[in-house]
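Below is one structure, written out as structure tokens; comments come after it.
Only the coordinates and a few stated rules stand behind these numbers; no lab work does. All figures in this text were calculated on a predicted structure; none of them were measured in a lab. Positions of Cβ are generated from backbone atoms using ideal geometry, with glycine treated the same way; all protein chains shown enter the neighbour counts.
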Amino acid sequence: MQNLLEEMVDLGILRIEPTGRAALRTPNLLGLIGDEKQINDNLNKERKIPSEFKRETSRIIYSIGQREVRSPFPAFYYDKLIEPESKVIILRGSMMGGIKYVTDFLKSRKKEVNLIIPNLKGPLTKKQAVGSQ
């Protein structure tokens, strides 16, 4: 159950209260997940875990501390990232869009990826992007 709650926090569905309890991030989600009986029925339903790893849709599992999490993008995209032809790749995004998870994932693959993360405050200026001339 704890893994499910953590995954729902990662997906932006739940937030953790200061008391340690989980709560919906927004009440607008309440109508989408059903009533208490539907939620319990769904949680207790037996599920089959797919045994086949499909690189186009499956995500690589990696560790952050003691916790196992899925990569923020499918394995297929990671394969493209580490191809020998891939010289420099610039990834950009927002915290809301999950860019932090991309950097966490790539840091976990440091034997395969040479990762440079600029320490910028605020948006990138044209001078920073182009360099001083």
(message) Suppose each label sits 7 Å from its Cα in the direction of the beta carbon; what would the R25-V113 distance come out to in nanometres?
(response) 2.1
(message) Just to be sure I understand the model, the point goes 7 Å from the Cα along the line to the Cβ. What's the resulting E7 to I64 distance in nm?
(response) 1.6
(message) Given the DSSP H assignment, sum -39500 (n - 2.57) over each helix run of at least 4 residues in the chain and divide by its residue total; what's the result at 222 nm in deg cm²/dmol, nearest 500?
(response) -8500 deg cm²/dmol
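Return the Rg/Rh ratio of the chain with Cα-based radii and a Kirkwood Rh. Let's see the in-between values first.
On the way: Rg = 19.0 Å, Rh = 18.2 Å.
We get a ratio of 1.04 for the chain.
Kirkwood hydrodynamic radius, region 2-44, all distinct C-alpha pairs: what's the number in Å? Don't skip to the answer; put the middle values down first.
On the way: mean 1/r = 0.0906 Å⁻¹.
It is 11.0 Å.
For T103, T57, what ranking results if the residue with the fewest other Cβ atoms within 10 Å of its Cβ goes first?
On the way: T103 14, T57 10.
The order, fewest Cβ neighbours first, is T57, T103.
Could you compute the net charge surrounding M8? Neighbours are other residues with a C-beta less than 12 Å from the C-beta of M8; K and R count +1, D and E count -1. Walk me through the numbers before you get to the answer.
Numbers: positive: R15, R25; negative: E6, E7, D10.
Once all neighbours under 12 Å are counted, the net charge is -1.
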(request) With 19 Å as the limit, write out which pairs from K48/K80; K80/K107; K80/K110; K54/K80; K87/K111; K80/K111 have Cα-Cα distances beyond it, or answer none. (result) K48/K80
(request) Counting other beta carbons within 10 Å of each Cβ, put E17, E85, E6 in order, fewest first. (result) E85, E17, E6
